Amino acid sequence: GGGSAVEVCGAPVKRKERMREKLEDYAKDGRTWPLSRHILDPVRSSLVCEGPSQMLEVLEWVRGSGMPVVREKNKFAVEEAEDGYRDLQVCVVFSSSSS
């Protein structure tokens, strides 16, 4: 309690062109069919945290939220980030109670 607020930033829906590029990459990598099953983030948002401890708190909240977590990618866990960018990506399945 009493910590800093988490900033929620919306992102545009992933473009069809970008999804096609990803499918081509997945085919080259020999991923399993259907290749579209590997695109888990067509609708995205970001949560901006104050630091590592707040990131872990948010991650634990997401894990306990009831939304199925289908992928976690921790770019802090690698020795060196290829492009210098580090983040923690979590893909969940969201369903509306009105559906």
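The values are calculated or read from the model by the stated rules, or taken from the named source; none is laboratory data. Bear in mind that the values here come from a model prediction, so they are computed numbers and not experimental data. Here the Cβ positions follow ideal geometry from the backbone for every residue, glycine too, while neighbour counts run over all protein chains shown.
Computed quantities for the displayed model
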| item | result |
| --- | --- |
| Condition check for P34: exposed (fewer than 13 other Cβ atoms within 10 Å of the Cβ), at pLDDT 90 or above and under 14 Å from the mean Cα position of the chain (by Cα) | no |
| Qualifying residue in the range 67-77 (condition: assigned to a loop (DSSP other than H, G, I, E, B) and either within 21 Å of R37 (Cα to Cα) or among the polar types (S, T, N, Q) (or both)) | yes |
| Close pairs (9 angstrom Cβ cut-off, 6 or more residues apart or separate chains): closer than 27 Å to V48 by Cα and in contact (Cβ under 8 Å) with a residue 12 or more places away in the chain in the range 11-35, exposed (fewer than 12 other Cβ atoms within 10 Å of the Cβ) and of a type in the set (A, V, I, L, M, F, W, C) anywhere | A11/V43; V13/V43; K14/V43 |
| Residues located in the range 78-90, provided they are outside any strand (DSSP E or B) and either hydrophobic (A, V, I, L, M, F, W, C) or surrounded by fewer than 10 Cβ atoms within 10 Å (Cβ to Cβ) (or both) | V78, E79, E80, A81, E82, D83, G84, Y85 |
| Of all residues in the range 44-73 being within 14 Å of V8 (Cα to Cα), in contact with a Cys (Cβ under 7 Å, 6 or more places away or on another chain) and free of Cβ contacts under 8 Å to residues at least 40 places away in the same chain, the one that is surrounded by the most Cβ atoms within 10 Å (Cβ to Cβ) | M55 |
| Top-ranked residue of the range 7-31 - restricted to ones that are among the acidic types (D, E) and surrounded by 10 or more Cβ atoms within 10 Å (Cβ to Cβ), ranked as farthest from V58 (Cα to Cα) | E24 |
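One line per residue, one yes/no per condition, for (1) more than 18 Å from L40 (Cα to Cα); (2) hydrophobic (A, V, I, L, M, F, W, C):
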{"residue": "V58", "(1), (2)": "yes, yes"}
{"residue": "V62", "(1), (2)": "no, yes"}
{"residue": "K73", "(1), (2)": "no, no"}
{"residue": "V78", "(1), (2)": "yes, yes"}
{"residue": "E82", "(1), (2)": "yes, no"}
{"residue": "L88", "(1), (2)": "no, yes"}
{"residue": "S95", "(1), (2)": "no, no"}
